[in-house]
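K.L.:
Below is a structure I'd like to ask you about.
The values are calculated or read from the model by the stated rules, or taken from the named source; none is laboratory data. Every value quoted in this text rests on a predicted model; they were computed, and no experiment measured them. Ideal geometry is used to build each Cβ from the backbone, glycine not excepted, and the neighbour counts take in all protein chains shown.
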Amino acid sequence: MLALVTPFSTRSVIMKREQVVEAIVATKIERGLSWEAIAAELELGTVWVTSACLGMNSMPEKPAKALCQLLDLPEGSQRILMSYPTKSWDQAVPQDPLIYRLYEVVGVYGDTLKEVIQEQFGDGIMSAIDFSMDVDKQVDPKGDRVVITMNGKFLPYKTW
């Protein structure tokens, strides 16, 4: 039987974003790395690097290359890390308790946040593009506190 040679046989393996994410997470666990340590190595913010590593943001060339070298990622990973993702998530209410609680916060306080933001800034939204987020730990004798800081540019709605 003859082997069929196609133009694709000489190309590098085309990976899917999910495969790159799996490789990143597996290597992180195997090496005992933290997202904070990876972000420090890339000289970028922990939340942003984590989001990009989980496939929700594209990485510029320099940090994508550095991440691939740091984690010895498979060939083709850098191209995937640099590509523009389609940002989507499961529309069902998540079952993970931590993520569910964040949904609960938005469910309980979403309308309140909207009212307060629009009262202070006018009719518009907080950008999730011109945006940063940090997670900090506040030590407290009654139980440590999670501090999430979201910082987004206000974008007023336009009229025309």
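K.L.:
Return the total of residues in segment 22-63 being surrounded by 14 or more Cβ atoms within 10 Å (Cβ to Cβ), hydroxyl-bearing (S, T, Y) and under 20 Å from S88 (Cα atoms).
P.N.:
Adding up the residues that qualify gives 2.
K.L.:
Look through K142, K137 and report the one residue that is at pLDDT 95 or above and under 24 Å from V25 (Cβ atoms).
P.N.:
Working: K142 fails: under 24 Å from V25 (Cβ atoms).
Only one candidate qualifies: K137.
K.L.:
Within segment 92-131, take every residue that is of a type outside the set (D, E), assigned to a loop (DSSP other than H, G, I, E, B) and exposed (fewer than 13 other Cβ atoms within 10 Å of the Cβ) and give me the one that is modelled with the highest pLDDT. Spell out the reasoning first.
P.N.:
Pass one, segment 92-131, residues of a type outside the set (D, E): 92-95, 97-103, 105-110, 112-114, 116-118, 120-122, 124-129, 131.
Among the residues that remain, those that are also assigned to a loop (DSSP other than H, G, I, E, B) are: 92-95, 122.
Retained after the next criterion (residues that are exposed (fewer than 13 other Cβ atoms within 10 Å of the Cβ)): 92-93, 95, 122.
Working: A92: 86, V93: 83, Q95: 90, G122: 94.
The qualifying residue modelled with the highest pLDDT is G122.
Yes/no matrix, rows are residues, columns are (1) within 22 Å of A128 (Cβ to Cβ); (2) of a type outside the set (D, E, K, R):
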residue: E18; (1), (2): no, no
residue: A23; (1), (2): no, yes
residue: T27; (1), (2): no, yes
residue: S34; (1), (2): no, yes
residue: E41; (1), (2): no, no
residue: L44; (1), (2): yes, yes
residue: C53; (1), (2): yes, yes
residue: E75; (1), (2): no, no
residue: S88; (1), (2): yes, yes
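K.L.:
Under 7 Å between Cβ atoms, at least 6 apart or on separate chains: pull out the pairs that start in segment 10-33 with a residue that is closer than 17 Å to T50 by Cα and of a type in the set (S, T, Y) and end on any residue that is at pLDDT 95 or above and part of a helix (DSSP H, G or I).
P.N.:
Correct list of pairs: T27/L71.
K.L.:
Would you say S88 is under 17 Å from the mean Cα position of the chain (by Cα), farther than 27 Å from K137 by Cα and modelled with pLDDT under 90? Write out each step before concluding.
P.N.:
Working: under 17 Å from the mean Cα position of the chain (by Cα): yes; farther than 27 Å from K137 by Cα: yes; modelled with pLDDT under 90: yes.
Yes; evaluated as a whole, the condition is true for this residue.
K.L.:
Another question, then. Mind listing whichever residues of segment 137-160 are out of contact with any Lys or Arg (no Cβ under 9 Å at 6 or more places or on another chain) and not in a loop (DSSP other than H, G, I, E, B)?
P.N.:
Kept after step one, since they are out of contact with any Lys or Arg (no Cβ under 9 Å at 6 or more places or on another chain), are these residues of segment 137-160: 140-143, 148-160.
The answer is I148, T149, M150, N151, G152, K153, F154, L155, P156.
K.L.:
Restricting attention to segment 51-70, report how many residues are in contact (Cβ under 8 Å) with a residue 24 or more places away in the chain and among the polar types (S, T, N, Q). Don't jump to the end; show me each part of the working.
P.N.:
So in segment 51-70, the residues in contact (Cβ under 8 Å) with a residue 24 or more places away in the chain come out as 52-58, 66-67, 70.
Next, only the ones that are among the polar types (S, T, N, Q) stay: 57-58.
Of the residues in segment 51-70, 2 are in contact (Cβ under 8 Å) with a residue 24 or more places away in the chain and among the polar types (S, T, N, Q).
K.L.:
Then there is this: Please find, within segment 37-91, the residue that is nearest to I14 (Cα to Cα) out of those that are part of a loop (DSSP other than H, G, I, E, B) and charged (D, E, K, R). First the steps, then the outcome.
P.N.:
From segment 37-91, those part of a loop (DSSP other than H, G, I, E, B) are 43-45, 54-60, 72-76, 83-91; that's our starting set.
Among the residues that remain, those that are also charged (D, E, K, R) are: 43, 72, 75, 87, 90.
Working: E43: 28, D72: 17, E75: 9, K87: 20, D90: 25 Å.
For segment 37-91, the residue satisfying everything is E75.
K.L.:
Next question. Tell me, yes or no, whether segment 122-133 has at least one residue that is over 20 Å from V47 (Cβ atoms), out of contact with any Leu (no Cβ under 9 Å at 6 or more places or on another chain) and without any contact (Cβ under 8 Å) to a residue 60 or more places away in the chain.
P.N.:
Within segment 122-133, one or more residues are over 20 Å from V47 (Cβ atoms), out of contact with any Leu (no Cβ under 9 Å at 6 or more places or on another chain) and without any contact (Cβ under 8 Å) to a residue 60 or more places away in the chain.
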